Amino acid sequence: MDLPFILKKIIGNLLLPSGLSFVFLLLAFLAAFSRYRKSQVKIFLALGFIILYLSSTVLPYFLLHPLESRYAKPKEAVLKEAQAIVLLPSYVSDRPNLALLDRIGGETAKRLLAAVLLAKKYPEKPLIIVGAGSQGLDMGKGASYLAEIAGGLGVKNVEVYDKANDTASSARVLKERLSGQKFILVTAAYHMPRSVYLFEREGLKPIPYPAYSISREERSFGITDFWPRPINLFYSDLAVHEYLGLAFYKLLEHIP
């Protein structure tokens, strides 16, 4: 078991908006039954409420847009230069006794659909699927499950790399396979800056192909946008996760 990887995930989750709001609300609860002053309870409650409210209303759009506007979909001439298509999926369940389609969530389904459409358009380019699955451990079969779905949709030229537990390890796993080749990198728009950074760090040549975006170029907010929604908290977590990931790997570059 990869203890450093697990610790990184735990700390990372606690730094997400959902994690931080939980931490502050938990501190407020504990402080209410301790010797802390009531003012400290109020501070913890206020911090937890503010983070939770902003993250579940308009904040995710301001967080996501800088990430998603970094790369546009490439032109046809650029896509033709690629020698392969690489899919970086999101959630794929490893639970036993699940139907194949029950294993994937909406994020992965959209990425897979974009990759399949590209593979059908360019059948001469292999579709390379990399990723272990839902637990972030290199023992899953996430890529194999997605390859089975892609095959059912008529994609015949598929390569599978299950032994990768995150984006960084996906880049390392594919380093030898894709050395010196241009390839189309398919993932969510918000995930693309970190993905491109990590693949280029390995000396690879990705052509960014954002499968979909969550934020919009122009957006006006109405009164209903200020009503908390769980999906917005999820989007806030996605955005902060990407910023934390970029900061983490860039920080590592400066550590001898």
TODO: Take the alpha-carbon positions of the range 4-112, form their convex hull, and give its projected area averaged over all directions (one quarter of the hull surface) in nm².
DONE: 12.0 nm²
TODO: Would you please put 19-30, 166-177 in order of how densely packed they are, using the mean number of other Cβ atoms within 10 angstrom per residue and starting with the highest?
DONE: 166-177, 19-30
Open item on the list: For the chain, take the convex hull of the Cα atoms, compute a quarter of its surface area, and give me that in nm², please.
Closed with: 17.4 nm²
Task: Selection from VAL240, LEU127, VAL186, by position along the positive dipole direction of the chain (Cβ) - done: VAL240
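Can you pull out the trypsin sites (Lys or Arg not before Pro) in the range 1-60 whose DSSP state is coil and whose Cβ has at most 16 other Cβ atoms within 10 Å?
ARG35, ARG37
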- [ ] Show me 200-208, 151-159, 182-190 ranked by packing, highest mean number of other Cβ atoms within 10 Å first.
- [x] 182-190, 200-208, 151-159
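From the Cα trace of the range 191-256, what convex hull volume per residue do you get, rounded to a whole Å³? Before the final figure, lay out the partial values.
Working: hull volume 7.5 nm³, N = 66.
Here the figure is 113 Å³ per residue.
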Task: For the range 74-210, the Rg and Dmax computed from alpha carbons only, in angstrom - done: 13.6, 44
Task: For TYR91, residues with placed amide H under 5 Å, excluding near neighbours - done: GLY105, THR108
- [ ] Would you mind ranking ILE51, ILE128, ILE223 so that the residue whose beta carbon has the fewest other beta carbons within 10 Å leads the list?
- [x] ILE223, ILE51, ILE128
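With runs of 4+ DSSP H residues as the only contributors, calculate the mean residue ellipticity of the chain at 222 nm using -39,500 (n - 2.57) per run, divided by the residue total and rounded to the nearest 500. Present the calculation step by step, with values, prior to reporting the outcome.
Working: 10 runs with 134 residues, N = 256.
So the calculated ellipticity at 222 nm is -16500 deg cm²/dmol.
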Task: the chain: relative contact order as a whole-number percent, Cα under 8 Å and 6+ apart - done: 25 percent
TODO: List the relative contact order of the range 74-210 as a percent without decimals, with contacts defined as Cα pairs under 8 Å and 6+ residues apart.
DONE: 28 percent
Task: Helix 106-121 vs. the chain, principal-axis angle (Cα, 0 to 90°, nearest 10) - done: 20 degrees
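Quick note: the coordinates plus some simple rules give every number you see, no bench work behind them. Just so it is clear, the model here is predicted, and its values are computed rather than measured. Cβ sites come from the backbone with ideal geometry, for glycine too, and all protein chains shown count toward neighbours.
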